[in-house]
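As structure tokens, the structure follows; a few thoughts come after it.
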Amino acid sequence: MTKDISLVTCEVHFDQGQVLDLLQPVRSKSELQEVPFLLASGRETNCSPAILQGIETVAESLGATAHINVLKLVSSMGEENAYEDIRRIVRKRILLDSLNQSISFLAKANPNDWEGEGPRAA
């Protein structure tokens, strides 16, 4: 099943703030370590900016790929543009991770093919 997972996204307030408890086991599974984990903020909150920054810092230290502040994007870009921007970012991230995994796989499968490779003259 984990081979079918190309992205994990979770709202900061998931299960009363248990998002960090979800992030740790996701990152501990070797087959999920390279899967992007996006943390999203989508609700109004009474938390101070310092607390929100602390949550983001802890999430990144535990392996979150990025934090998306949906409310801030919507207020600055409008709802339709914000969600299109988020979709574009997610698609790009999945594509980049897929390419990186393919390159890593090829390098491991054929390590001698990559040794001494440098720029080729045209």
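Some notes on this structure:
- Looking across segment 17-44, the residues that are assigned to a helix (DSSP H, G or I) and in contact with a Ser or Thr (Cβ under 9 Å, 6 or more places away or on another chain) come down to 31, 32.
- Only one of the numbered conditions (1) exposed (fewer than 11 other Cβ atoms within 10 Å of the Cβ); (2) outside any helix (DSSP H, G or I) is violated by residue 80, and that is (2).
- Pairs with Cβ under 8 Å, 6+ apart, first in segment 4-33 and more than 22 Å from residue 54 (Cα to Cα), second modelled with pLDDT of 80 or more and in a loop (DSSP other than H, G, I, E, B): 5/35; 6/35; 6/36; 7/35; 7/36; 32/5; 33/63
- Test result for residue 70, touching a residue at least 24 places away in the same chain (Cβ under 8 Å), more than 11 Å from the chain's Cα centre (by Cα) and under 29 Å from residue 101 (Cα atoms): yes
- Of the candidates 60, 56, the single residue that is acidic (Asp, Glu), touching a Ser or Thr at 6+ places or on another chain (Cβ under 9 Å) and either touching a residue at least 60 places away in the same chain (Cβ under 8 Å) or over 21 Å from residue 102 (Cβ atoms) (or both) is 56.
Rundown of residues vs (1) exposed (fewer than 10 other Cβ atoms within 10 Å of the Cβ); (2) of a type in the set (Phe, Trp, Tyr); (3) at pLDDT 85 or above; (4) in a strand (DSSP E or B), yes/no style:
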residue: 46; (1), (2), (3), (4): yes, no, no, no
residue: 52; (1), (2), (3), (4): no, no, no, no
residue: 55; (1), (2), (3), (4): no, no, no, no
residue: 74; (1), (2), (3), (4): no, no, yes, no
residue: 96; (1), (2), (3), (4): no, no, no, no
residue: 99; (1), (2), (3), (4): no, no, no, no
residue: 104; (1), (2), (3), (4): no, no, no, no
residue: 113; (1), (2), (3), (4): no, no, no, no
residue: 122; (1), (2), (3), (4): yes, no, no, no
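The values are calculated or read from the model by the stated rules, or taken from the named source; none is laboratory data. This structure is a prediction, so every number in the text was calculated from the model and none was measured. Backbone-built Cβ (ideal geometry, glycine too); neighbour counts: all protein chains shown.
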